[in-house]
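The values are calculated or read from the model by the stated rules, or taken from the named source; none is laboratory data. Everything quoted here is computed from the prediction, not taken from an experiment. Backbone-built Cβ (ideal geometry, glycine too); neighbour counts: all protein chains shown. For accessibility, only protein heavy atoms count, side chains too; no ligands or nucleic acids. Shrake-Rupley method; radii C 1.70, N 1.55, O 1.52, S 1.80 Å.
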Amino acid sequence: MAKERRRRRWVLYTFIFLFFVLFGASLGAVGGYLKSAPTLDQVTFDPMLTTYIYDADGEVLTRLWKQNRVPVTINQIPAYMRHAIVSIEDHRFYQHHGFDVIRIGGALVADIKGGAILEGGSTITQQLAKNAFLTHDRKWSRKLQELLWAIQIERKYSKDEILEKYLNEIYFGHGAYGVEAAAETYFGKHVWELSLPEAALLAGVPKGPGYYSPFIDAAAAKRRRDAVLYRMFDLGYITAAEYSEAKETPIEVVSQKPREKIATYFIEYVIAELIERYGEEKVLAGGLRIYTTIDREMQRRAERLLLEGLPAGETDGRGITQPQGAIVTLDPHNGEIKAMVGGRGEEKDKFNRAVYALRQPGSAMKPFVYTVALEKGFTPATVIVDEPLQYTLPSGQVWNVRNYHNDYQGPITVREAVELSTNVVAVKVLEQVGIKDVMSLTKRMGISSLVESGSKNDVGLAPMALGGLTKGVSPLELASAYGVLANQGIRVEPIAIRKVTEADGTVLEDNRPRKSVVLSEEVAYLMTDLLRGVIERGTAKAANIGRPAAGKTGTSQDYTNGWFVGYTPDLVTAVWLGNDNQSSQMVYKGVRYGSWNAAAIWGKYMKEIVADQPVRNFPKPDGLVEGILIDTETGLLAKKDAGIPDSELRYEAFIAGTEPTELSPRMSKGLERAKDFLKGLWDKVLNGEPDIRPPASLDPPESTVPSETTPQGEELPDGYYRYLDGDV
């Protein structure tokens with residue numbers, strides 16, 4: 001008997017010992033978890049938000065997200081939505097303090113029976129803690145952490161604040177986080193526009209987005225929605241009539257059409273700019289509102305017409321079709337980029353040639369040379385001899401300057417040289433005005449890629465006059481530089497972003513045009529007038545759009561690049577064509593492509609985008625002298641019917657003070673000839689010889705000069721007479 005008592009006592013002592021050990025261990029564990037509880041300062045919500053990019057009209061161009069989430073306030077969420085989510089997820093939400101003992105007890109029984117964590121018993125506050133701060137691991141340790149976080153959340157925030165954060169946090173499927181993104185995804189509307197049955201449907205989705213989504217299983221979605229509606233009725237949130245009506249309402253969701261894929265190169269350009277300023281996390285998950293300058297209609301036309309103007313081409317080793325192309329359109333008055341196409345837009349191709357491709361501009365560099373010439377007193381009537389030209393380079397090599405067609409025009413005016421894109425004259429003019437001055441102006445107009453030092457540089461006649469640059473230029477910079485001419489000599493830096501705000505409306509940046517005066521209005525207008533002739537009579541007739549426009553073609557050596565950069569009074573556009581491999585000519589199926597194709601694309605595109613705009617001329621500054629008749633062979637003053645053929649006369653404009661003051665010697669000889677002819681005619685009339693024929697021209701054509709075998713005055717078989725110095 002005593003032995004039995006000792007055994008029982010020993011068991012009791014052992015039990016007490018084990019109890020205290022286990023109790024102590026439990027206290028230690030609980031204490032450890034309590035120590036791991038977050039401080040109130042740690043309980044802050046910074047969810048990933050959706051960033052929106054808008055076009056110039058304020059329409060959504062695209063959205064950026066790591067999690068597609070648009071925050072809304074509790075007051076923007078309709079009562080139907082709030083009641084629906086509380087009814088189905090946590091109907092005692094307003095009574096508990098972060099955890100519900102009854103729910104936890106029921107879940108614990110189910111978990112013990114099942115031998116695993118099957119039901120969490122989590123309240124809305126616990127779910128918020130799990131989604132915002134913890135993992136989704138099904139472990140008891142995570143459940144205890146969730147409980148601690150929930151307690152702290154309830155200590156720091158009110159019930160409405162917790163519900164607001166929960167409804168902005170939870171996942172609704174198809175990339176939509178939070179009720180606003182979900183409302184837009186499923187119904188194409190804002191959360192505050194939801195009806196009762198729509199709110200009930202959304203409330204039912206988070207339990208299983210892969211099963212209850214109406215896009216996946218409409219029948220399952222309806223059953224779940226109806227269960228939510230019944231729960232709302234059972235808890236008194238809606239009446240029996242409201243329940244019956246909502247239950248009979250068919251589910252109508254928006255079509256899952258993909259958004260228009262447009263301006264992809266421009267969007268990447270904007271994103272890159274903003275990431276550099278604010279960082280990737282802020283841009284891709286910070287809920288920014290980015291208001292850009294892009295004109296959606298211009299962009300659509302630019303993308304379509306570039307592709308239509310390019311040949312079918314061939315695929316290179318990277319799987320990218322060649323040749324490629326680029327278009328940039330700017331408003332020269334405020335610098336806003338209205339359209340940007342950086343290539344064909346193929347899936348593999350991410351390189352934005354409109355911004356980052358530096359390509360040889362060819363003759364598109366010549367306007368910079370002639371602009372400096374106008375500043376230094378040259379005029380459209382200045383005559384320069386187009387003739388074979390040769391230079392011996394420092395290396396000892398001989399450079400023969402050739403024109404495009406290997407022909408020479410002899411004495412021609414600056415206007416004709418610009419229209420015909422004559423290489424020899426451009427080189428001669430550059431040599432006279434100075435390379436350094438042309439480089440300086442080119443940089444001030446917006447070209448930043450010139451190389452001014454090193455063994456290979458652009459300080460030479462060929463690079464600056466003919467566009468054989470060390471690096472090249474981008475379409476964006478070349479368009480911006482030509483914009484100085486379109487904007488009466490004022491440079492405006494290109495901008496793609498008007499304004500950036502936080503999700504709450506806080507303005508991060510509000511961009512305004514950054515301007516600088518580069519040229520006088522008179523020089524800009526006169527250069528524009530010269531470039532109008534390129535379209536109307538010169539190398540870019542394919543760019544004629546039937547209204548005032550100016551521009552210049554450019555073809556690099558071996559036909560690797562083709563350009564046309566042109567402008568109206570309100571828009572400037574650069575078009576580039578070329579192979580990414582700059583050693584390959586643009587020849588496809590036996591057809592050569594070049595600046596003429598760029599000019600044709602420019603003409604079609606610009607004609608479309610200005611079709612609905614009023615016709616405007618380039619504004620004329622006051623410091624011009626116009627309507628001066630010149631002899632195009634001498635560049636000097638002339639008069640009608642004074643012995644110079646009309647085809648060799650032209651009315652010209654000049655900057656005041658640069659107009660010619662001397663008469664053309666050809667006109668003076670013509671007047672003397674006219675006087676001699678009239679005197680001879682009068683003498684013959686007095687002598688009774690009335691059958692006198694006046695000459696067809698006071699200046700004999702070259703073909704009518706007497707030869708050694710044709711005596712002066714001999715009547716030729718065709719009845720024509722030869723004339724020399726006014727004598728018959």
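Could you tally the net charge around VAL433, taking each other residue with its Cβ under 13 Å from the Cβ of VAL433, Lys/Arg +1 and Asp/Glu -1?
After counting each charged neighbour, the total is +1.
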Neighbourhood charge, 9 Å Cβ-Cβ cut-off, centred on ILE88 and excluding it, Lys, Arg +1 and Asp, Glu -1: +1
Solvent-accessible heavy-atom area per residue, rounded to whole Å², over region 286-378 at 1.4 Å: 32 Å²
ARG63 paired with ALA503, simple spin-label distance in nm, labels 7 Å along Cα-to-beta-carbon: 1.2 nm
Environment charge at PHE172 (Cβ cut-off 12 Å; Lys +1, Arg +1, Asp -1, Glu -1): -1
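Report the calculated FRET efficiency for GLU493 and GLU161 (r = Cβ-Cβ distance, R0 = 35 Å), to the nearest 0.05. Mind showing how you got there, number by number?
Numbers: r = 45 Å, r/R0 = 1.28.
Efficiency, from the Cβ-Cβ distance: 0.20.
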Length released on extending from GLN76 to THR239, taking residue separation times 0.36 nm less the Cα-Cα span: 56.4 nm
Whole-angstrom Cα spans of region 511-585 along principal axes, big to small: 40, 36, 19
Solvent-free Debye scattering, log10 I(q)/I(0), computed from the Cα coordinates of region 315-359 at q = 0.19, 0.28, 0.32 Å⁻¹: -0.62, -1.03, -1.18
Extension reserve of the THR315-LEU393 stretch, reckoned as 0.36 nm per residue once the Cα distance is removed: 24.1 nm
Rounded percent of accessible protein surface that carbon and sulfur make up, region 146-270, 1.4 Å probe: 51 percent
Nonlocal amide H pairs with LEU629, under 5 Å, H built at 1.01 Å: ALA638, GLU652
Residues listed by number, region 309-347, amide nitrogen under 18 Å from ARG616 label point at 7 Å toward C-beta: 329-339
Equivalent ellipsoid semi-axes - Cα gyration tensor, region 415-499, angstrom: 24, 17, 11
Full-stretch length increase - ARG277, VAL591 - with 0.36 nm per residue and alpha-carbon distance subtracted: 108.5 nm
Under 20 Å from the TYR651 label point (7 Å along Cα→beta-carbon), backbone N, region 561-583: none
